[in-house]
Amino acid sequence: MSIAPDQTEKPAYGERVIAEAQLICFDNPRPGRAYDLAISLPEFTCKCPFSGYPDFARLQLNYQPGPRVLELKALKLYINSWRDQAISHEEVVNRILDDLVAAAEPTWLELVADFNPRGNVHTVVTVRHGVRA
């Protein structure tokens, strides 16, 4: 199977929407009630800043919304935007936390990144924001 030349000259649809990804939120429908949201993102990837090899992780996002709730498709695209970024495990998890807090202003948020072992090393990075009700 061959690909027509014009198809290889421009980014594919998925690459374009990932490149344009922005965190989008909507108003919390129950702002007076403390409730938890749990979101699993099992296909996170970024690149090692030293070797350039891909790093794979399962992200577990748990949070109690403040004034806004994260929109799931926008979150998915935002998470996919890290795919080609050369960044350490520690820095990428902290940056994601900062971006999520800035977008949604959650009462409490915990992000756990469980990176696949590479070279006999397994890393889990956990970051938190706020106080859980």
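Rule-based calculations on the coordinates, nothing more; no lab input. Bear in mind the structure is a predicted one, so any value in this text is a computation, not a measurement. All Cβ positions, glycine included, derive from the backbone under ideal geometry; neighbour counts span all protein chains shown.
Exposed loop sites, defined as GluC sites (Glu not before Pro) outside DSSP H, G, I, E and B with at most 11 other Cβ atoms within 10 Å, are absent from the longest region of the chain, namely 21-133. Within 13 Å, Cβ to Cβ, of Thr126, how many net charges do the neighbouring residues add up to if Lys/Arg are +1 and Asp/Glu are -1? Local charge sum for Thr126: -1. Over every Cα atom in segment 37-130, the radius of gyration and the widest Cα-Cα span, Dmax, amount to 13.0, 42 Å.
Could you work out the relative contact order of segment 37-130, using alpha carbon pairs under 8 angstrom and six or more residues apart, expressed as a whole percent? Write out the running numbers ahead of the final one.
On the way: 171 pairs, mean separation 30.0, N = 94.
This gives 32 percent for segment 37-130.
Given the rule -39500 (n - 2.57) for each run of at least 4 DSSP H residues, summed and divided by the residues of the chain, what is its mean residue ellipticity at 222 nm, to the nearest 500 deg cm²/dmol?
Details: 4 runs with 36 residues, N = 133.
Calculated mean residue ellipticity at 222 nm is -7500 deg cm²/dmol.
Could you check what % of the DSSP bridge pairs in segment 37-130 are antiparallel, to the nearest 5?
Values: 25 of 26 bridges.
Approximately 95 percent, going by the DSSP bridge assignments.
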